[in-house]
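Here is the structure we will look at.
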Amino acid sequence: MSIQELSSEQKVELITCVIDGFEVTVPKGTLVIRAAEKLGIQIPRFCDHPLLEPAGACRQCLVDIEINGRAFPKPQASCTIPVENGMIVKTQLTSAVADKAQKGVMELLLINHPLDCPVCDKGGECPLQNQAMSNGRGESRFEGAKRTFEKPVAISSQVLLDRERCVLCARCTRFSEQIAGDPFITLNERGALQQVGIYEDEPFNSYYSGNTVQICPVGALTGTSYRFRARPFDLVSTESACEHCASGCAMRTDVRRGKTLRRLAGEDPSVNEEWNCDKGRWAFKYEVAKNRITTPLIRDSNGQLREASWPEALAVAAAGLKEARAGVLVGGRATVEDAYGYSKFARVTLGSNNIDFRARVQTQEELDFLTSTPSTAAYSDIDKADHVLLINFEPEDESPIVFLRIYKQVHKRSIKVTSIAALSSRGSEKLNANLIKSAAGNEVAAINSITGLTNKSVVLVGERAAETVGALSAVANLIQKTGAKLGWIPRRAGEVGAITAGALPNLLPGKRPITDAAARVDLSTAWSVDSLPTAQGMDTQEMINSDLQALVIGGVDPMDISADAKVKLSKKFIVSLEIRQSDITEIASVVFPVAAVVEKSGSFMDWQGKVRKFEAAVEQSLNRSDVRILSILADEIGKPINLPTVKSARAELESLGAWDGASPSMKSVAGTEVKSLSNDEAILTSWRNLLDKGSLQDGEENLAGTARASVAVISKFRANNLGVRESDLVRVSNSYGAVTLPCVIGDIDDSSIWLPRNSINSQLIRNLGVVGNSVVKVAKA
Amino acid sequence: MAYTNEQIAVMDSIIARYPRKRSAIMPLLHFVQSIEGYVTNEGIELIGQKLELATAEVTAVSTFYTQYKSKPVGDYHVGICTNTLCAVMGGDAIFDAVKEHLRIENDGVTPDGKVSLEHIECNAACDYAPVVMVNWEFYDNQTVQSTKDLVDSARAGNPIPPTRGPKTLRTWKQNSAVLAGISDGLANEGVQAGEPTLLGLKKAKGGA
Amino acid sequence: MSKLTPVLSANWDQADSFTIEGYKRSGGYTAVGKALAMKPDEVIQMVKDSGLRGRGGAGFPTGNKWGFIPQGDNKEHYFVVNADESEPGTCKDTPLMMANPHVLIEGVIIGSYAIRANYAFIYIRGEVTHVVRRVQQAIADAYKAGLLGKNILGKGFDLELVLHVGAGAYICGEETALLDSLEGFRGQPRLRPPFPAIAGLYAKPTVVNNVESVASVPAIINNGVAWFTAMGTEKSKGFTLYSLSGHVNNPGQFEAPLGITLRQLLEISGGIRSGHKLKFWTPGGSSTPIFTDAHLDVPLDYEGVSAAGSMLGTKALQIFDETTCVVRAVLRWTEFYKHESCGKCTPCREGTWWLVQVLKDLEAGKGSAADLDKLLDLCDNIMGRSFCALADGAASPIISSLQYFRQEYLDHLSAGSCPFDPAAATLFESAGVR
């Protein structure tokens, strides 16, 4: 157990030892190398990593140790030995033996290391280079032939391996096994020929592979997209936050001359520790896509979009919105500040509660759930959990860092994990999860059957729970009954913040209920307006279906909502705030270009409710967060929202604070009857694979190369019925359309079929008009 | 090639020997060699499936141990000890002579696929030096000529029997099955011990 | 005249010594009954009292090892026999298992009973097919005879014994590497602590003992502590197998009390190869610093050899006469360590790789006297710096050969080549290399 993990409830036993003559007191179990860090003494190391189990392999961190007067006969690896009372440690600074041992090891590490630093991606930020300078010999005594290998080897489409640079510290292989649970890279061969490798037919397609590139202490593992692109000292680094999902990763964005060249996992022990997923790391090319919108656009009298000046576009937009019955659709990419801007714009400028951030299946039950049942869980609760219950939630695909955190406890403590889902996924198998098999739409009975939860249990619910009538009611009941911690984990980064910002038809900012007069007074005072609309607004689907004349839309893909959304929206006056051209652009009357995350400042709120602030990494004139444009537009309309900057939006939202009055209680909804099926029918279930056709992943082919193949998962029973074998094609159809994919015979409910929701050859709204909880026909293709 | 149901059943019985199935990986690799002669991709994938391991985890193990071969060896795999003691006592000379005789290099296989050659490390028979192993059977006190005769007899399909081992030399695949833990019923064949093994006892009993 | 004490080897001259009938005829499987009638702790105490020390090289007291296993911990315990005999020069366990596998099995039953293990393994190296056959058959016959399996000899003790066959890796003789290998991983050593007695096989308390150590137990049970301690020296009790090989007239296995000298063994066996004289030898395999003719009278027990600057190791006495080039011998051993390095840690993986290159040059007469100092400094950077003892073993022959034969290294350099004729060292030298 490392220091961070010692829970605050436990009484921590402290140990005092002496390192290089200085006393240091640290918690019991602290390794010598880390106790030394506390004193500012840097012992060189390669294999050591605080989040990996000690290996003691590189031997670079050798120090002299004595305990109560008894000296170890030889230097010890300080990365493997916990401190003890009475221990006296002498590092390279005070022990000639340790110093010689370290120099000796460094010399041995370098004999087979190529002198290609000038062309190596790692050069300039390389632990081997740095420590060879600080702790190595000036001159090599090696006169022989260096080991060479064929190079580079693509161990996946996104990771390249140069074996001759490898120092065999096993950080990458230990990460893959201990942290990600994906042992697709291993140490192969032995002795001087030992090398990292994959099995020839199974590439390193782990969702977390990029972390191995980041923790490689040499240039042996490099990212295909970044290889030979930059020198570290030419990059400007900015601390950032990830815009992809609600896991909330701290990030670092590295920019050279206005261009993002790479993104790395940032450090935050309370969130992502030091890891992120490959989507977060590598999916950022969308910001330089060819279809990036760079100027305002307006639709001319011929129905054609043309470039326009800002004043002209603002005037046209204002005219269209001014007297209209209007609403706001805001997608999951919005920052908290932007969502707040949309929220205030709807209420103050449009005079309506017609606002919804849910560009997906959404229900009144969900709205009630989000209003009444607060999420209380955090990553730290997973660390201490006795049981993690997953409901309509596939963390590896839908919130990958949540997955890592659960996996960590499964790996360390073998904690119990239960998944209510139609099938066993690769993720749930890695978590060794007990599967309560439930066809989509039928989860309520499973949720009601859960027993044995305690206040140390954590219930994690995905946004897909809204797709089952009664599921969220059953969750609310379960939480109330057991006192377990709840985490509602939407898929996208903007959603939790959008709730706080009041981007919902029944909530004002700070989660103030629209129906509460005191809450409205709070807001109208703060906003200096006479009154606020009192009626609950329309949700996303209602707005689309309604006779509203105009909509302001930011970051919404109609194909995420329903098949006919685009056609219905095309009848309205649409003001679009968007990064790139999209289906909305095609039907919009006015289009405003907005900044991508790396170009602006702002914050997201992760699933724990923790604010993830970031500053602009790319300095450029296009830096326009949505909120800024909305504020100008509101001025143009004559009903200002006074949020000229991100900073002002943040300050205003913070000053509003959270609602301290009563929240409405959950209006429980009962589950529905189980659908009856004929032999050739199945209940469709789906989710989005982490790597799929999501628009923020556009343009990164190397990343796409590691996506999971599109397959249809059916049970053995169904396979026998259909007379199909693994990888035979099956056709899934309904009155809307069809999808044909190779099948995988898996551990899935017999009545169900699983398809990826938005992958190659399987974009369900496009192809079937539905995403799940719906009866489809299944046949051998 | 596809594994037969009988072969799969043998694999299951090997797995059943152990409290935890991953332990069966080594005998299963020997077993794959007994069927296919070397560690094939099919074998790796099958073992991965059986033990619920990633294929990379299986190759990590198979490439660590020198007895697992990544390409075919001969029906008679000849190992000549060239560790110090055997090398000095004649192993080096034997190895050089046999390479020349067979016209193959270390790790080579004769074109007819009958004999392959490898220089090996100490095989725990130093009192019988120089030692040659064929399919991991002992050929004690070898000379250049005796080893040439040995490989010739193997190529002719009528190998000279081991010094301490069964009456007839079995093939690489057959012996791999023994290493996988499958009895061939030949334990009773051959001597219980060679002369050097018995020398101390003989001397203790007052022998010359 | 004989100082020899055949115990383990006593029945090896019986043609059926390896069968259960043969073993029983010579008194086999009588100790197990006695042991199972004792309390497990009494068995451990008896082995402790005998002073039996590990015969695999390290010499750790066997009874103490057994005593470290926590009792009443409600965990499975495992008893594992290290039969991965691979140390160059070592050739005692292999003929023992070929000639009498049952004495090992009897020892396994007794040891497992003592440490309350119900599952035992014999990890045998994979390059000895016929020995594998013999042990396989012996285990099968022991099951048939009710000596393994459920309710052994009706005493209520259950034991499963599995023969696990290795696949070519010297490092698996290191006990934690052996355990990783047995668990189905690459055979690389583990961090210690935890020691196997606390977290060994499958992270459960485990004893790992050498073949000869385990096989010595039945005789101790049968004949008693006093019988055993009457043999050997003060701290090195009992008998052991000495393996004589190389340039001697009669190589072979000699079972004698600990403390016998090489001079005595040579006298008994028939001396150095006729017409030649002793140049250097290993007392306990290639990992133990070499000795010369100055060490003929060193008592071959744990303390005696240690005091003379080497280690008793596996008692593998490899004898080399004056025809042998010490640089060539050391190079070849170094190549062995390079080949067998598991690759886990830097000093061993890279160090052995470099040492081979340096020694190859030296053997070919390339280099200068300064290279000898560099070689020693390299050894200093490798020895005691690596994860396990393999690299220490690699450095030992180099350091000790430079200690005794530095001039011979220099002679290579001044000659510009190796001054020895390799043919002169071969056994068939008189017949010529055909």
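The values are calculated or read from the model by the stated rules, or taken from the named source; none is laboratory data. Because the structure is a prediction, the values reported are computed rather than measured. Reconstructed Cβ throughout: ideal geometry from the backbone, glycine too, with neighbour counts over all protein chains shown.
Contact map, the range A:105-121: first residue more than 7 Å from chain C (Cβ to nearest Cβ), second residue among the polar types (S, T, N, Q) and crowded, with 17+ Cβ neighbours inside 10 Å, Cβ cut-off under 6 Å, separation 6 or more or different chains; pairs are A:MET106/A:ASN135; A:CYS117/A:GLN129; A:ASP121/A:THR222. Kindly indicate whether any position in the range B:142-157 is within 11 Å of chain C (Cβ to nearest Cβ), surrounded by 23 or more Cβ atoms within 10 Å (Cβ to Cβ), assigned to a loop (DSSP other than H, G, I, E, B) and touching a His at 6+ places or on another chain (Cβ under 9 Å). No, the conditions are met nowhere in the range B:142-157.
For the range C:82-107, which positions are small (Gly, Ala, Ser), at negative phi and within 14 Å of chain B (Cβ to nearest Cβ)? Before you say what the answer is, go through the steps one by one.
Taking the range C:82-107 and keeping what is small (Gly, Ala, Ser), we get C:83, C:86, C:89, C:99, C:107.
If we keep only those that are at negative phi as well, we get C:83, C:86, C:99, C:107.
Hits for the range C:82-107 are C:ALA83, C:SER86, C:ALA99.
Taking the condition touching a helix residue (DSSP H, G or I) at 6+ places or on another chain (Cβ under 8 Å) and more than 8 Å from chain C (Cβ to nearest Cβ), does B:VAL88 pass? Against the criterion (touching a helix residue (DSSP H, G or I) at 6+ places or on another chain (Cβ under 8 Å) and more than 8 Å from chain C (Cβ to nearest Cβ)), B:VAL88 does not qualify.
Only residues that are out of contact with any helix residue (DSSP H, G or I) (no Cβ under 7 Å at 6 or more places or on another chain) and of a type in the set (Phe, Trp, Tyr) were counted in the range C:51-84, giving 1. Among the residues of the range C:265-285, is there at least one that is in a helix (DSSP H, G or I) and not aliphatic (A, V, I, L, M)? For the range C:265-285, residues in a helix (DSSP H, G or I) and not aliphatic (A, V, I, L, M): present. Of all the residues in the range C:327-341, those that are more than 14 Å from chain A (Cβ to nearest Cβ), surrounded by fewer than 22 Cβ atoms within 10 Å (Cβ to Cβ) and not charged (D, E, K, R) number 0.
Could you check how many residues of the range A:579-589 are assigned to a helix (DSSP H, G or I) and surrounded by fewer than 24 Cβ atoms within 10 Å (Cβ to Cβ)? So the count comes out to 4. Selection within the range A:327-379: residues that are under 20 Å from the mean Cα position of the chain (by Cα), farther than 26 Å from A:GLU578 by Cα and of a type outside the set (Val, Ile, Thr). The member of this set that is modelled with the lowest pLDDT is A:SER375. So which residues in the range C:57-81 are within 13 Å of another protein chain (Cβ to nearest Cβ) and within 17 Å of the chain's Cα centre (by Cα)? Correct list: C:VAL80 only.
This table checks each residue for (1) touching a helix residue (DSSP H, G or I) at 6+ places or on another chain (Cβ under 6 Å); (2) among the aliphatic types (A, V, I, L, M); (3) closer than 22 Å to A:ILE629 by Cα.
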position: A:ASP516; (1), (2), (3): no, no, no
position: A:ALA535; (1), (2), (3): no, yes, no
position: A:ALA550; (1), (2), (3): yes, yes, yes
position: A:LYS566; (1), (2), (3): yes, no, no
position: A:LYS572; (1), (2), (3): no, no, yes
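Among the residues of the range C:160-204, those that are among the hydrophobic types (A, V, I, L, M, F, W, C), without any contact (Cβ under 8 Å) to a residue 60 or more places away in the chain and at the interface with chain B (Cβ under 7 Å from one of its Cβ atoms) comprise C:VAL162, C:LEU163, C:VAL165, C:ALA167, C:PHE185. Restricting attention to the range A:559-578, the residues being at pLDDT below 95, buried (at least 19 other Cβ atoms within 10 Å of the Cβ) and part of a loop (DSSP other than H, G, I, E, B) number 2. If you filter the range C:11-49 down to residues that are within 24 Å of the chain's Cα centre (by Cα) and among the aromatic types (Phe, Trp, Tyr), you find that the one that is nearest to C:LYS237 (Cα to Cα) is C:TRP12. Checking each residue in the range A:590-645 for being farther than 20 Å from A:ARG492 by Cα, among the polar types (S, T, N, Q) and either under 19 Å from the mean Cα position of the chain (by Cα) or part of a loop (DSSP other than H, G, I, E, B) (or both) picks out A:GLN620, A:SER621, A:ASN623, A:ASN642, A:THR645. Every condition in (1) surrounded by 18 or more Cβ atoms within 10 Å (Cβ to Cβ); (2) more than 30 Å from A:VAL458 (Cβ to Cβ) holds for A:ASP547 except the one numbered (1).
Considering the range A:423-527, the qualifying helices (runs of 4 or more DSSP H), each wholly inside and each with 1 or more residues that are under 25 Å from A:ARG708 (Cα atoms), run over A:426-430. Scanning the range B:178-194 for residues that are buried (at least 19 other Cβ atoms within 10 Å of the Cβ) and more than 7 Å from every other protein chain (Cβ to nearest Cβ) turns up B:ALA180, B:GLY194.
A quick yes/no check of all residues on (1) at pLDDT below 95; (2) of a type in the set (A, V, I, L, M, F, W, C):
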{"site": "A:SER247", "(1), (2)": "no, no"}
{"site": "A:THR253", "(1), (2)": "no, no"}
{"site": "A:GLU274", "(1), (2)": "no, no"}
{"site": "A:TYR286", "(1), (2)": "yes, no"}
{"site": "A:LYS290", "(1), (2)": "yes, no"}
{"site": "A:ILE298", "(1), (2)": "no, yes"}
{"site": "A:GLY303", "(1), (2)": "yes, no"}
{"site": "A:ARG325", "(1), (2)": "no, no"}
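I'm trying to understand the selection: among the residues of the range C:311-341, which are within 20 Å of C:PHE239 (Cα to Cα) and either touching a strand residue (DSSP E or B) at 6+ places or on another chain (Cβ under 8 Å) or not in a loop (DSSP other than H, G, I, E, B) (or both)?
C:GLY313, C:THR314, C:LYS315, C:ALA316, C:LEU317, C:GLN318
Of all the criteria given as (1) touching a residue at least 40 places away in the same chain (Cβ under 8 Å); (2) touching a strand residue (DSSP E or B) at 6+ places or on another chain (Cβ under 7 Å); (3) within 13 Å of another protein chain (Cβ to nearest Cβ); (4) surrounded by fewer than 19 Cβ atoms within 10 Å (Cβ to Cβ), the one not satisfied by B:LYS114 is (3).
Looking at the range C:198-220, which of the residues that are β-branched (Val, Ile, Thr) and crowded, with 24+ Cβ neighbours inside 10 Å is farthest from C:HIS77 (Cα to Cα)? Full working, then the answer.
Here is the first cut: in the range C:198-220, the residues β-branched (Val, Ile, Thr) are C:198, C:206-208, C:211, C:214, C:217, C:220.
After this cut, where a residue has to be crowded, with 24+ Cβ neighbours inside 10 Å as well, the list is C:206-208, C:211, C:214, C:217, C:220.
Values: C:THR206: 6, C:VAL207: 8, C:VAL208: 11, C:VAL211: 19, C:VAL214: 17, C:VAL217: 19, C:ILE220: 23 Å.
Out of the qualifying residues, it is C:ILE220.
Of all the residues in the range A:751-781, those that are touching a helix residue (DSSP H, G or I) at 6+ places or on another chain (Cβ under 6 Å), crowded, with 16+ Cβ neighbours inside 10 Å and outside any helix (DSSP H, G or I) number 4.
For the range C:303-325, a residue qualifies if it is more than 10 Å from every other protein chain (Cβ to nearest Cβ) and either surrounded by fewer than 24 Cβ atoms within 10 Å (Cβ to Cβ) or in contact with a helix residue (DSSP H, G or I) (Cβ under 7 Å, 6 or more places away or on another chain) (or both), and the qualifying residues are C:GLU303, C:GLY304, C:SER306, C:ALA307, C:ALA308, C:GLY309, C:SER310, C:MET311, C:LEU312, C:GLU322. All of (1) surrounded by fewer than 20 Cβ atoms within 10 Å (Cβ to Cβ); (2) part of a loop (DSSP other than H, G, I, E, B); (3) free of Cβ contacts under 8 Å to residues at least 12 places away in the same chain hold for B:GLN49 with one exception: (2). Of the strands (runs of 3 or more DSSP E) lying entirely inside the range A:129-233, those containing at least 2 residues that are within 13 Å of chain C (Cβ to nearest Cβ) span A:186-188, A:195-197.
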